[in-house]
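Data block below; observations after.
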Amino acid sequence: MYKHILISTDGSELAMKGVEHGLALGKENASKITVITVSQPYPLQSAATLDSWSAAQKRHAEDALLAVKGAAEKLGVEIATRQAVNDSAAEGIVDTARDLGCDLIVMASHGRRGVSRLLLGSQTSEVVSHSPIPVLVVR
C-alpha cells in the first residue's frame with residue numbers, strides 16, 4: 001500500500017514509539033523507509049560558536065538515528081537516514097517527504113490539547129495541517 005514511508009524522530013523515547021510503528025508498517029508493506037531528524041540552524045544570538053553548535057547538532061542527530069538503526073536491524077528492515085536543518089521541524093519533515101516522493105509520514109505525538117498544545121507548540125500538528133500526503137500519528 002505504501003511505497004515510501006518517511007518516519008521522523010527527535011531521539012526521544014516518545015519518538016521511538018512512532019519509529020517502531022513505522023518500521024513495522026514498512027516491513028509489512030515491503031516499503032522503502034527513510035528516517036529523518038531535523039536540527040535547528042545556528043542561532044545568530046548564541047553563546048556557542050558556529051563550529052561547536054554544528055558539532056553538537058550533528059552528534060545529537062547521529063545518536064537519534066543510531067537508535068533507529070538498531071531498531072531497524074532487530075526487525076530486519078533496511079532504512080535510509082537523513083538529517084535536515086530547518087528552523088521548523090515540521091517544515092523540514094514535509095519538505096523532505098515531498099522531495100523524496102514519500103506517500104506516508106509517520107510520527108509520534110504527546111496528544112496534548114488546548115492550552116498546553118498552544119503553549120508548547122506541536123510539530124506534529126503543523127505536519128498534519130501542512131502535509132499534502134497522509135500522516136500517521138502514533139500516541
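A compact table of results
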{"quantity": "Cβ-based net charge around Arg98, under 14 Å, with every Lys or Arg adding one and every Asp or Glu removing one", "calculated": "-3"}
{"quantity": "Cα principal axis extents for segment 42-97, largest first, Å", "calculated": "44, 23, 11"}
{"quantity": "Spherically averaged projected area in nm², based on the convex hull that wraps the Cα atoms of the chain", "calculated": "8.7 nm²"}
{"quantity": "Residues of type lysines that Lys58 reaches as a straight line, Cα spacing below 22 Å, ignoring anything fewer than 8 places off in the same chain", "calculated": "Lys69"}
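Coordinate-derived values only; no laboratory data. As the structure is a computational prediction, the values presented were derived from the model and not from experiment. Every residue, glycine among them, receives a Cβ derived from its backbone with ideal geometry; neighbour counts consider all protein chains shown.
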